[in-house]
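Quick note: the coordinates plus some simple rules give every number you see, no bench work behind them. Being a predicted model, the structure only gives us computed values, none of them experimental. Backbone-built Cβ (ideal geometry, glycine too); neighbour counts: all protein chains shown.
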Amino acid sequence: MEIPGELALTRDPIAVAPPWRGRRPPVRHLVEALLARDGDRAANLCDRFLARARTRMAVFADLLQPALYEVGEIWYQGRIKLDDERWAAALVEHLVEQLPPTPSGSPVPRGSRCLLAPLPGDRHLLGLRMFALVLEDEGWEVEVVDVDVDTSNLAALAERVRPRLVGLSAGYLPSPRTAAQVVGAIRGLGIPVLVGGTAFNRSVDLWQRVGAVGHGADARVGAVLARRVVRS
C-alpha cells in the first residue's frame, strides 16, 4: 500500500517499539508505523489484530481510534508537524476502507434505520465512517449525511428519513448551545440522539449538556448504546 508523502518529524523522534507479540492491541506499534508513513506495516498490524479479534469493530475501537488519539496528542505536544498528523489520518482512513465486513451473529431487528451526520460546521468524518461500518455489521440500515450537504436543519432531514436513531459527531464544537438546539429539535420528533467524536470525548459531561441520550466514546460503545435504543 502506498500513500504519497515525505515524513517530516520535528524535535524528538518517536521511540521505536519492540516487535508486537503480545495479546494487547498493538496501538504503539501502529502509531510508529503511521508516523513512519509505513502503510504496509500498518496494514499488516490491522490484519493480524483482525485475525485475533475477529471483528472490525474491535479493530476500530481497540486499535485504530486509540492510535489516532495518540497521534493527535503527539502533534499537540509539538513533536510532529500538522502534515504528519493529517497523513496519519489519511492512512487510517485507507485502512478503514480495506477492512472486510464482519457481520454480527445476532443482528438488530430488520428495518432498523439510523441517520448519521456531523454537527453543522464540522468536517471530521473518519470516526463517523467507522461507526457507520460497525452499525452495518450490526444489521442497521445506515444513511450518512455527506459533509457537503447543508446540515443546519438536521431535524427536517430526520423527519423525512424517520430513522430509529440519529447519531451526531463533532471533532470540534465551537458552540454547545447550537448543538443543544439541533439535538433538542430532533428529540422533539421522538427520535433519540447519540453523540460522539473528539469534542465529546474531551468533555465528559458535554453529551448531557447538549441533551443527547448517550455518548459513544468509540465505535463499540456507540454500537452497544444503539442496541439499547432499539430495545427501549
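Key figures for this structure:
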read-out	value
Selection from Pro120, Ala217, Leu91 lying farthest towards where the dipole of the chain points positive, charges on Cβ	Ala217
Calculated P(r) of the chain - Cα pairs past 22 Å, %	53
Within the chain, helix-based [θ] at 222 nm, where runs of 4 or more DSSP H residues each add -39,500 (n - 2.57), nearest 500	-14000 deg cm²/dmol
For region 85-188: span of alpha carbons on each principal axis (Å, largest first)	39, 37, 19
Region 93-144 and region 41-70: distance between their alpha carbon centers, rounded to Å	16
The chain: DSSP helices with Cα axial extent of at least 15 Å and average Kyte-Doolittle hydropathy no lower than 1.0	126-137
Fewest-first ranking of Ser169, Ser232, Ser175, using other Cβ atoms within 10 Å as the exposure measure	Ser232, Ser175, Ser169
